[in-house]
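Just so you know, all these numbers are worked out from the coordinates, no wet-lab data involved. Here the structure is a predicted model, which is why all the values come from computation and not from measurement. FYI the Cβ positions are ideal-geometry reconstructions off the backbone, even for glycines, and counts take in every protein chain you see.
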Amino acid sequence: MPRPCSIPEPPGGHPRARWTADGVVTAPGFREAYRQFAAGGWPALGAEPQFGGQRVPRVLVSAVGEFWGSACLAFKLGPMLTHGAVHALELCGSAAQKQQYLPRMVSGEWTGTMVLTEAQAGSDLGQVRTRAVADGGYYRLFGQKIFITWGDHDLTANTLHMVLGRIEGAPPGVKGISLFIVPKVLVNADGSLGARNDVRCLSIERKLGIHASPTCVLAFGERNGAVGDLVGEPGRGLEYMFVMMNSARLSVGSEGYAVGERAFAARDAVGAHARAGQAAGRGRRRPGADHQSPRREAHAAHDEVADRGLACPHPLWCLAV
Ligand SMILES: Cc1cc2nc3c(=O)[nH]c(=O)nc-3n(C[C@H](O)[C@H](O)[C@H](O)COP(=O)(O)OP(=O)(O)OC[C@H]3O[C@@H](n4cnc5c(N)ncnc54)[C@H](O)[C@@H]3O)c2cc1C
């Protein structure tokens, strides 16, 4: 079994990932937390044993992911996307790609991202414009992507971007979209890390919450093109990407429960604090949470979170294995 590790508790305020010209610097505590997380074997949970994984059922991966989400949602998003990228490579990658990339993603040495969205291509991915130009056995990618979760960070030496692009001459719409592995740092034939690839984080998106999760604008091919390795057959990129998207959807679906559980824990802590203050004679009024109506509503909501969250009764959870 993986060993316990501590996921960082936000130290008050709103810790953020920070953009720098050399790359994104993660929020305080995240590097140490990730080191423990990888050393404890947690990234291996859902992966195939031949690549170092434990292949526990998806329902268990989901339940554990919910704990991570309650502990720190921003942190959990990185491993969640790596899990999706691993699963897509297991199902759609070539034998050589699996050997080259999977052991180091499963061990947590490298992370993975899911790179679809462009300014004009959100829900309608048929509008993807990122270009892929054949160059020997590889492709060179040119384009800009937005909203890429954990698109850049300093937790690991490498990140594999799973990128949707359009090979020159491909038909318009979704039938012309292919999937490419674009490493942040190029990997030499002997597996060692080589030069930086032509991919760069231009900025971190400004959003309402999860500030410690770097949601990035990524530029591919500002110089001579980001080197990419085609996954599977040309034109089937969206189909392969759906392995990752469905994995992310299931995981994001449980995040509401994870955050709900966290909110109840916080409410209990606040209630206990207020009651302790009352017992110590510092206040004469009952805490709000102890009044009948809030208590009834809170219990009803808590039952719903507990029933629907960790119990995972919906058959859809099982279909995702
Ligand atoms: C925090 C965060 C993290 C993200 N992480 C990633 C990531 O890791 N990788 C990645 O590639 N992307 C990521 N995304 C992007 C996300 O996938 C897109 O936001 C999503 O695909 C929607 O695209 P859009 O924002 O351009 O909205 P739009 O496509 O412009 O949609 C806006 C609204 O219009 C509605 N709409 C759109 N089309 C239709 C239609 N035909 N009929 C009726 N209604 C319609 C939508 O339902 C929505 O309500 C992330 C986004 C966020 C907010």
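Ranked by the mean number of other Cβ atoms within 10 Å of their residues, highest first, the peptides 246-253, 225-232, 202-209 fall in the order 225-232, 246-253, 202-209. Taking Cβ atoms as reference points and 11 Å as the exclusive limit, the residues near GLY112 contribute a net charge of +2, counting Lys and Arg as +1 and Asp and Glu as -1. For the residue pairs LYS98/LYS184; LYS184/LYS207; LYS98/LYS175, the C-alpha atoms sit more than 22 angstrom apart in LYS184/LYS207; LYS98/LYS175. Under 5 Å between amide hydrogens, built in the peptide plane, is the criterion, and for ALA134 it picks out ARG140, GLU168 among residues at least 5 positions away or on other chains. Residue by residue, the stretch 123-137 carries 3J(HN,Hα) couplings of 4, 9, 6, x, 8, 4, 10, 3, 9, 10, 10, 4, 8, x, x Hz when phi is fed to the Karplus relation 6.51 cos²θ - 1.76 cosθ + 1.60 (θ = phi - 60°); x denotes Gly or Pro.
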